[in-house]
Structures are given as structure tokens and as C-alpha cells.
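Q: Quick one: the structure is below, questions incoming.
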Amino acid sequence: MKPPTISVRVSNTNVRIATGELLFPVLVLGFCAAYYIDTRGLPDRSMMYAGPLLYTTVLLAVVTVFKHAVSFDRQSIKRERGERNESTPFIGWGTDEETATDKLEKKSRSTGFGTSSAVGLAVLLIGYLLSLYVVPFVVGTAGFLGCALYILGERRPARILIYSLGFTILTWGVFVEWLLVPLP
Amino acid sequence: MTSNKTSRSDRRQFLKYAVTAGGAGLAGCLDSVGRGDNDDTGDSNGTYPEQNIEVIVPWSQGGGTDRATRATTPTWSDILDANFVVQNYPGGSTQVGGERLYDADPDGYTIAMWNMPQMQATWIFQDAPYDMDDFDYLGTHHLDPTMWFAPPESPYEDMAEFIEYAREEGEVTVGTTAAIGNTALSALLIEDTYDDIEFNLVNLEGGTPTRQATLSGDVDASVNQPWAFNPDHIGEVIGLGTHTPEPQDLWPAPSFAELGLDEIPLVEEGFGQWKLIVAPGGLEDEYPERYNALVNSYAEIFEQDDFVSRAEEQGGLDQILDYNDPEATVQEVEAYSEFMQEYEPLFDRF
Amino acid sequence: MILASLLSIRSGAALLADPLVLAAIALGVGVGIVFGAIPGFSATMTIILLTPVTVPFNPAPALIFLVSAYGGAVYAGSIPSILINTPGAPGSVVTCWDGYELTKKGKAVYTLAVSAIVSSLAGICAAVVLLFLAPRIAEFALEFGPSQMFLFAVFALTIIPAAKGASLEKALLGGCFGLLVATVGNDPQLSQPRGTFGFTILRSGVDFIVVLIGLFVIAEMFQLAYRGVVVQDDTEIEGSFSQIKDAFRAVASRPVAFIRGMLIGTFVGSLPGAGADVANFVSYNEARRWADEELADKFGTGIIEGVIAGDSSNNATQGGALVPTLTLGIPGSGSTAALLGAISIHGLQPGPGLFDRSAALVYALILSLVIGNLLILVYGLPGAKYFGKLAYIPPKYIIPAVVVLSVIGGFAVRNSLFDLWFVLLFGVLGVVFVKYEYPLVSPVLGVILGGIAESGFVTGWLLNQGDPVEFFFGSYISIVLLALILLSVVITIVRR
């Protein structure tokens, strides 16, 4: 799955916006804005280094947006006019060429890996971190290990049980009991 | 290291070998199973302490507060028959560790080694959610007096000469260990007392960079404390004087009073950096017997030979040890709070 | 003087003859290797976590145990770099770039052996340098004041525009973002909170280890969960004995590469506050810069020169960093700052008097570095055969375990659950970075060097009373650093 590329016609120019490429620069700009608001009342001495750095970062983010995410295309208009209704912007998915990772993705789908397992892992990790606020480390960890192993394709209950319990006990013994890390 | 090892350290010793020999998880389990049994059979209202006591240090490992704490806990451990775990929570000019202590349950299992006046600074100058009344004070540990240092081969030998030098130069560079604290306050008080001198005040961010800047001559003078600076450097850098009425024993340097600098505020009272043991507020009310156990065992530490000799190894820490009971500690905390509040406007100039 | 130090060296050696001390070295290196190899546990954290364990012991075995664990951890950081493309410690980031590519080609055993050989040799060489040049190195470290540290940080940051295969603005944006993230927290002069958004924990900033775990470990686990393979199943593991022989040959035929990395490591290690985390980047970049054009282009595609560059520098920092720590009490790296704490717990006061008061122990520590680094070879070479198989464990078993270890590691940095959200955030960012071709090295270098750069700049500027001439040209070291920065920028422009 790819983030969409949006085409918008502004007068006689076709503006193409690659939303995926926008992701990081926009995130940086958002962070910079929040940072600016948070630090605006501070004395000069606190910002003598961070201030100029902030403006440089904003500048670079803007440059990146214009070089990678937004392209202005005058010539392609005629070509597209015949094919699409020019008045409505179109959103196309996966307009880029098929990359090596796509090929890998196709290959690995059969083995149970792919977008769903990666996203599943991310969601599980969020759940794991949240669980640490409410249940003891041992419980959250054993749960996470078991679930993660399951979504990564292991279906044999015995293996899941041994893996999650074994690894939990090992880490708990070493880090909590021996090295006294105050895990929740 | 200590004469009577607790069973816990023996177990640790065994564990260390057991674990590294490869049975990491297994050994960890055995240990915890053993301890779990104790917990289960022990009455919950039973003898205190029955679990590890966490000592919060609001500075990183290797700093002065950390070293003082770790020199103390082994002896405390023996007296109270408990295992102390030192945890470092550095940052925010001690506020990170301070909030950690503030949030902890007042059950006698979390205490902190904090320092004054940094402690007061977190609620007077910063946005800390707590203040003086939110804590119980178990006792002071030591007082390291505020002291001025100059690089080797400086053209001045003591504070009076340095002030004269500053007058002639117009502006001199003075390094402090923190933005808010006893070192910065000392510099600000002196600048405020003498209209005709001006300091270019630079916060060097801690004892180590201050030592480096003084040794290499990057500053005209720096403000620190003798023990924090490390008395190993006696003779190498110049001790200009201490912000006290009497000279101290740790570093051969005159006191400001001796040099006739009495007009500087706080010279008569003398001030420096205290380290003290603080507990979350409510401990004394909710668990008076735990509070008393901690207070009494803490007081006893200072009479133990093994502690004193360990302190001596720590660059002569034994010479500035200064225990006060909880009542006297509270008075000292109040006194520091008062003058930090009084001189707050001075800090705006920094 | 020389006689006196020779006598001290002898008494130091006598201390080492104690079987308990020898056992401490052997255990220390072993434990260090285990912790160093866990993604998310740096050498610094290894020392901090192990310090309380050593309290019941005498100073000699206790400190030697910690120093050995430190060396083992720095070396072992490269093991997961090579095998699963996740650095075990910040000193082994660059080892991923060529090391993992070599593993994909079935050369895991060979690469691991090279890593062990150069780590061990570099550590020994640096220890010998330390033994004889300690006073000089200490003097030199003192010369590195705030403005010099700032210029050094800028020099190290010139690696960012040199990053291969990425557009300039993306590389720079990533770098500036990293630098900006490093400014979050109380400012170095007035302790005013910046970018903390009301969170007290952020007053002490965002720890770079947390960023590193996110960008390199969690991001890699997400990608591994997506692609499902560490190495293609059809890749043969090449036999072990001949691989180890080849590894020795590979190192022996590249003495210049090895010596360059070792010297850079010793130098960077001796600088206050900069350790293996900085050295491996500088060394890799210099190796690429000194190479002819054809070879320079191959960096990152799986050439052994890349592994040698990283691993010869990171273990050499240990010797360099220990000198100012022991003689001045000024730690030469994050790890030695933690070691400083351990040293004083055992009743030793680092500083000019240490060599007088405890000469035997200090020399024993230095000599233990030699033995410890030899042991890296003893553990690492036979180990290469077994470690190499780790890359062939099915990813479904690797991923959950590595994630849990990263979570523990991220937590243990400051005992804070809050930091784990940063681990996750940077993990997601890491995936975005890879997908849209931002070099991962940019934000990481920014975060690692940001603190050094900011406090160096601000303090140096104020100490020089805002005089730019004094700031930039105040000492010969500054001028040399300026020349290096200029040279680096010019070469980058020409190459681009």
C-alpha cells in the first residue's frame, strides 16, 4: 500500500503532491511550530544556539517539501486532459513504479509476513507499552511475546507458551532480580 | 568490604558467579523464589524493612551526590538490615528526581539524597509541583562550603585581591557549576555588593567542566565547593576563599570574613551546599515506627568507623560530614528557603 | 620517574596474578559481550547496571571486572549489527552498513571474525599507547575546551552531507531535526525548559540511546516483520575455519585501515564526553574519504573495509577515554563517566593523586585492558561460528525477543515508561526514513552530537565574551579543527 499522490490543477499548472514525501517534512514543521510556541518567552541566552537552529530546520523542511513532495507540471496537462476530467483533482494510489520492496512484499506474502504483520507488531507494541502502566512487567511481557509470535505465524500453542514464558522469566531474572532494574 | 556482610550480599556474590557461569535465568528465579517465600510468610504489618529501599539521587552516577550516597548506603544497610538500591534520576536541576520522590508512596521504601539550595530552587525558580512542606526531612549529611577558585598562576592569591583585579579589568569571567544554586548566588551577591565590578557569569554545567575550565585557565575564577572540586588539586589551583565566617579544614584557603569581606551578604551566616536525606511527606504520620527506624539508623551511621573511613577515602569527605537531627534539618531548610526567596530578584540578572 | 612507573607496572602486574582478578577479567568480558550484544544496551548502561553487583568485592577485582565488561560490551555491539542489522550499542552503528550486507552474502562468520580481530587488536594497541603516553593525552584533553569541542562536533557533523545516495536537503533536514531534538530540555546556561511541553522528564532532554533504539532497532524489527527474512534461506553459510583464516588475512593486508581507525578511536576517546558513539562515524567517514574513488563507492555494499573502519575505532576509544578519567577525573566518554562513579564507590578518588596513591591498581586496570582485549579474541573467534547461526533463526522468534529487550533497555536508561513512547515514535520514524530515503545516520549524529555542540558553542561563546576571533582562532587546536572542517566540506562538494 502506498500513500496517495494528489493532483490539483491550479490555473494552467498541474500540481502533483506526493503525500508520502510530505510526511517527514510536515512532521518536522509541526514540531518546529510547537517548539517555537513553547520557547517564545525565553531569554536570548537560552536560545542563542537553539534559535538559529530552529529557523534552519524550518528552511530545510520547506526546501525538502518543494524539491520532493510537490511538483509543478505544465506540459502534462494536455496529455491528461484527454484522459481525465480536469476540473476534479484525482487521487491515485501507488503511482510510482514497482520497487524492489514491492517485489519482496509479494514474495513474502505467501510466508505470512507483510504489511499486516508489520502493522500488527506496531499495534501490539502500543498495547504492550500501555499494559505496563497497569499490569506488572511479567504479565505484559509474556502477553506481548505470545501475541507477537502468533501474528508472526507461529500457531503451535506449546511453542508459544514455552517461548513467551521462558523469555519472560529469563529477562525478569536477569534485569529485575539480579540487576534491580525497577521495571513496573 | 564490610566486616559483617548481609546474607543478601552473599547471595549476590554467589549469584554473580552463578549468573555469569551461564545459568542466568535459572539463578534469577531461584533467588526470587527464595525471597518470595519470605514475603509470603512475613506478616504485612511485621518488621520494617521487608523489601529494598530505593534511594533517589537527582544527579547522574559519578557526581558528588551520587558518591556521597553510595559511601553511606553500605553502612546504613548493615545497621537497618535492609538492602538499599541507589537510583539516579538526573536532570532539570534536580527536579526530575524531586518529582519522583514527591510521587512516591510515603511508606519508608523510597527516600532521596538531595541538596540545598538546589532543592529550594526547583520550587522557587522552576515550576515544581511541590514545596518545602511536601517532604519529611530525616537529617543532613554534609555541608560543602561555597568556595572560589582561580586557575594556576593567576595574578591574585585571594578573594580580596581578585575583587581588586576585577575592578581594574572592568569585567572578569566567572564560571559557576549551575544557573541557580549556591555557586551562582555567591557570584551574584558579590557583584551586587560592589558596584564597580562586573562579572561575565558563565554556567559551566557541573563540577567536571568547572574543574576543567579552572585547570586550563578558560575562566578568571570559578565558584564551586572544596570537596566537589576534589582536594587532590590543592596547590594546583588557587583557593581564593570561602563564603563563610570561618575557614574550613578541607582546603587551605581564607574565609571571606578573614579577608574583611563581611559586607557581602551571607558571609556571617556562611553558606554552602548541604546534602540531606529527604522522604516523601506523610511518612512520619502514616508510619511513625518506620520513620523512627530510618531516622535513628541514619543518625547511627555517623558514629560507625567503617563509614567514616570510607568517607575519608572519598577525598576527605569525613572532614565536612555534618549530621543534624530532623528538627535542626527543618530549620536549616527553612533558612535556605528564606534567603533563596529574598535574593530571587538577583537571579534575573544572570 | 621512568623507573618508578616501571616498578608500578610491575606491582600492577602482580595484582593481576591473583586468580580472583583473572576470573574477574574473564567473567567481565563474558558478561560485557552478552549485554553489549543485546540491542538497546550500551556499554554505559552495562557499567551502570553492573556497578551495584561489584560492591561486595575488593576494588581490584571489582573495577577490573567493570573495565573488562566495558571492553566486551563495546566489541559485542557489533555482533547484532553484523547479524541482524541492529546495532547492539551506539559505537557499532556503522558496522551495520557493510557488516549486514556481508552476512546477506553468507559471510557472517568471516565478518564476525574480522570484527573480533580488529576490536581486540585495536583495544590492545590503545592500551599500550595509554600505558606510555598517559600524561601527554591528559594534557591534550585539557586543551579541548568548550569552543574546541564545538568545532569538533561540527567536524563530525560534516559526515551528514557526505552521506551517500541521499539528496542533500534530506540529509541536512534529518541532521537538523536530530540537533533540534537534542536541544529539548533545560538550556545549558539558564536551565529554562525548552520544547518540554510541560513534561518534567523532558527537562533532562531526550536521551540519545532512546532515539537510537527506536531508529535502528525497533524500525528494523518493523521492517523485518514486513519482509520476513534476515538472510535468504538459500544463502549458504560458508565453512568456519577457512573463514577465520581469511579474516586474519583480510586484516593483515589492510594495516593502514586498521591503524587509522585505531588512532581515530584513541583520539576521539580522549576528548571529554565523546566516545565510541562518535568515533565509529568519524572513522568510517575518514576511511571512505581516504579510499580511491572506486573503493569509496563500494562502502555500504558489503566490503570488509567498512567493518574494519568501525570496529578498529570503537574498542580503541576505551584506552583513550580512561586516561583523562583516571588522571583528571574528567571522563572521556559517557561510559567512563559511569565508570567514574564505580571507581569512587570503591574508595578511589580519580584525579592527579590517583597515580601516586593507587599506582598498582591503576596499572593493573590498564594491563587488564590488554588481557581483556585478548580474551575478546578468545571468545570472539570460536564464537563467530555459533553467533553466525543466529542470523538463521526464524525471524518470528527474533522479533518479539528483540522488541522486549529494547523496551527493557529503553526503560532502564532513565527508569521511565515515558521514554518508551519515544522508542516507538522513533521506530515508526525510522521506517518513514528508510522508505523515503532519508539517511538514518543524519538524525542519529544530530542527537549524539547535539549536546556537545550546544554546550560547547554557548559556553565557549560566553567564555570568549562573544568575540568570534577568540572563539574560532583562540588556540592552535581550533585552527587545526577549522582546517579539517573546511577540507571535509571541500572534499564533499568535489565528490558530489
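FYI, it's all coordinate maths here, none of it is from the lab. Here the structure is a predicted model, which is why all the values come from computation and not from measurement. Backbone-built Cβ (ideal geometry, glycine too); neighbour counts: all protein chains shown.
Q: By the gyration tensor of its Cα atoms, with a ≥ b ≥ c the square roots of the eigenvalues, what is the shape of the range C:1-140: rounded for a/c under 1.5, prolate for a/b over b/c, or oblate? Walk me through the numbers before you get to the answer.
A: Working: a/c = 2.30, a/b = 1.63, b/c = 1.41.
It is prolate, given that a/c is not under 1.5 and a/b is the larger ratio.
Q: With only alpha-carbon pairs counted, each pair once and no self-pairs, how large is the Kirkwood hydrodynamic radius of the range B:147-270 in angstroms? Provide the component values of the computation, followed by the final result.
A: Numbers: mean 1/r = 0.0715 Å⁻¹.
Final number for the Kirkwood radius of the range B:147-270 is 14.0 Å.
Q: Per residue of C:335-348, how many C-beta atoms from partner chains lie within 10 Å of its own C-beta, taken as a mean?
A: Working: counts 0, 1, 5, 4, 2, 7, 11, 3, 2, 12, 13, 4, 8, 3.
Partner Cβ neighbours, averaged per residue: 5.
Q: Contact order normalised by length for chain B, with contacts defined as Cα pairs under 8 Å and 6 or more residues apart; what percent is it?
A: Values: 631 pairs, mean separation 79.9, N = 350.
23 percent.
Q: Using DSSP to call loops (not H, G, I, E or B), can you name the GluC sites (Glu not before Pro) in the range B:104-192 whose Cβ has at most 11 other Cβ atoms within 10 angstrom?
A: Here the sparse-neighbourhood loop sites are B:153.
Q: Using alpha-carbon pairs under 8 Å, 6+ residues apart, how would you state the relative contact order of the range C:234-351 in percent? Could you put the intermediate results ahead of the total?
A: Working: 171 pairs, mean separation 34.8, N = 118.
Once normalised by length, the contact order is 29 percent.
Q: Same structure, new question: To the nearest 20 Debye, how big is the dipole of the range B:147-270 about its Cα centre, given +1 on the beta carbon of each Lys and Arg and -1 on that of each Asp and Glu?
A: Rounded to the nearest 20 debye, it is 540 debye.
Q: Need one number: % antiparallel among DSSP beta bridges in the protein assembly as shown, to the nearest 5.
A: Working: 37 of 55 bridges.
Percent antiparallel among DSSP bridges in the protein assembly as shown is about 65.
Q: Which of these, B:292, B:182, B:224, has the largest mean-square fluctuation under a Gaussian network model of chain B (Cα springs below 10 Å)?
A: Highest fluctuation of the listed residues: B:292.
Q: Follow-up. Between the range C:298-317 and the range B:157-189, how many Å separate their Cα centres?
A: Rounded to whole Å, the Cα centres lie 48 Å apart.
Q: Take C:21, C:94, B:96, A:138 and order them by how many other Cβ atoms sit within 10 Å, fewest up front.
A: Ranking C:21, C:94, B:96, A:138 by Cβ neighbours within 10 Å, fewest first, gives A:138, C:21, B:96, C:94.
Q: Of the options B:295, B:75, B:223, report the single residue whose Cα projects farthest towards the positive end of the charge dipole of chain B (beta-carbon charges: Lys, Arg +1; Asp, Glu -1).
A: B:75
Q: Quick one: compute the contact order of the range C:362-485, relative version, from alpha carbon pairs under 8 angstrom and 6+ residues apart, as a percent. Each step should come with its number before you reach the end.
A: Working: 22 pairs, mean separation 8.6, N = 124.
The value is 7 percent.
Q: Which of the listed residues, B:176, B:109, B:193, is farthest toward the dipole's positive end in chain B, when Lys, Arg count +1 and Asp, Glu count -1 at the beta-carbon?
A: Working it through, the farthest residue towards the positive pole turns out to be B:109.
Q: What is the Cα radius of gyration of the protein assembly as shown over 2.2 N^0.38 Å, N being its residue count?
A: Rg over 2.2 N^0.38 Å, computed on Cα atoms: 0.94.
Q: Only counting other Cβ atoms within 10 Å, I'd like A:48, C:221 sorted with the fewest neighbours first. Numbers along the way, then the final one.
A: Values: A:48 18, C:221 28.
Going from least to most buried by this count: A:48, C:221.
Q: Give me the one-decimal nm value for the distance between modelled label points at residue B:300 and residue C:476, 7 Å along each residue's Cα-to-Cβ direction.
A: 6.1 nm
Q: Oh, and also: Cα centroid distance between the range C:194-224 and the range B:219-270, in Å?
A: What the calculation gives is 42 Å, centre to centre.
Q: A follow-up question, please. Run lengths n ≥ 4 of DSSP H only: what is the helix-derived mean residue ellipticity at 222 nm for the protein assembly as shown, with -39500 (n - 2.57) per run over all residues, to the nearest 500? All intermediate terms of the calculation are to be shown ahead of the outcome.
A: On the way: 47 runs with 628 residues, N = 1030.
Only helices count here, giving -19500 deg cm²/dmol.
Q: Next question, about the same structure. Please list, by residue number, every one of the GluC sites (Glu not before Pro) in the range B:290-337 that is coil in DSSP and has at most 14 other beta-carbon atoms within 10 Å.
A: Values: sites: B:300, B:303, B:312, B:313, B:327, B:332, B:334; in loops: B:303.
Hits after loop and neighbour filter: B:303.
Q: Ok, one more. Mind checking the mean number of beta-carbon atoms from other chains within 10 Å of the Cβ atoms in A:146-153? Mind dumping the intermediate values first?
A: Working: counts 1, 1, 8, 5, 2, 4, 10, 4.
Mean shielding by partner chains, rounded to a whole number: 4.
Q: First check a/c for chain C, with a ≥ b ≥ c the square roots of the eigenvalues of its C-alpha gyration tensor; if it is under 1.5, answer rounded, and if not, answer prolate when a/b is larger than b/c or oblate otherwise.
A: Details: a/c = 1.33, a/b = 1.06, b/c = 1.26.
Rounded shape, in that the Cα axes give a/c under 1.5.
Q: Another one. Pairs to check: C:105/C:245; C:298/C:396; C:107/C:298; C:245/C:396; C:105/C:389; C:164/C:396. Give those whose C-alpha atoms are more than 24 Å from each other in this structure. Can you show the working numbers first?
A: Numbers: C:105/C:245 18 Å; C:298/C:396 32 Å; C:107/C:298 17 Å; C:245/C:396 33 Å; C:105/C:389 14 Å; C:164/C:396 32 Å.
Exceeds cut-off: C:298/C:396; C:245/C:396; C:164/C:396.
Q: Within 10 Å, at most 16 other Cβ atoms, and a DSSP state outside H, G, I, E, B define an exposed site. Report the longest part of chain C free of exposed GluC sites (Glu not before Pro).
A: Working: sites that count: C:236, C:238, C:437.
Result for the longest clean stretch: C:1-235.
Q: Based on the alpha-carbon gyration tensor of the range B:210-350 and its eigenvalue square roots a ≥ b ≥ c, which shape applies: rounded if a/c is under 1.5, prolate if not and a/b is larger than b/c, or oblate? Intermediate results must be reported in sequence, preceding the final value.
A: Working: a/c = 2.20, a/b = 1.41, b/c = 1.55.
Oblate is the answer for the range B:210-350, as a/c is 1.5 or above yet b/c matches or exceeds a/b.
Q: Something else: Please return the longest stretch of chain B lacking exposed loop sites, where trypsin sites (Lys or Arg not before Pro) count only if DSSP places them in a loop and at most 16 other Cβ atoms lie within 10 Å.
A: Numbers: sites that count: B:5, B:349.
It runs B:6-348.
Q: Follow-up question, since we're still on this one. May I ask for the Rg/Rh ratio of the range A:115-178, computed from Cα atoms with Rh as the Kirkwood radius, given to two decimals? Walk me through the intermediate numbers first.
A: Working: Rg = 12.1 Å, Rh = 12.2 Å.
That ratio is 1.00, to two decimals.
Q: Let me spell out the model: positive unit charges on the Cβ of Lys and Arg, negative unit charges on the Cβ of Asp and Glu, origin at the Cα centre of the range C:27-180. What dipole size does that give, in debye rounded to 20?
A: Details: 6 positive and 5 negative charges, 74 e Å.
Result for the range C:27-180 is approximately 360 debye, rounded to the nearest 20.
Q: Run the paramagnetic zone check for residue C:467: 7 angstrom along Cα to Cβ, then residues of the range B:154-173 with backbone nitrogen under 15 Å.
A: Counting only backbone N, you get B:169-173.
Q: Of the chymotrypsin sites (Phe, Trp or Tyr not before Pro) in the range C:180-269, which ones lie in a loop per DSSP and count no more than 13 other C-beta atoms within 10 Å?
A: On the way: sites: C:197, C:199, C:208, C:216, C:222, C:226, C:241, C:248, C:258, C:267; in loops: C:197, C:199.
Sparse-neighbourhood loop chymotrypsin sites (Phe, Trp or Tyr not before Pro): C:197, C:199.
Q: Taking the Cα centre of the protein assembly as shown as origin, sum charge times position over the Cβ atoms of Lys and Arg (+1) and Asp and Glu (-1), and report the length of that vector in debye to the nearest 20. The partial results should precede the final answer.
A: Details: 58 positive and 108 negative charges, 1600 e Å.
I would put it at about 7680 debye.
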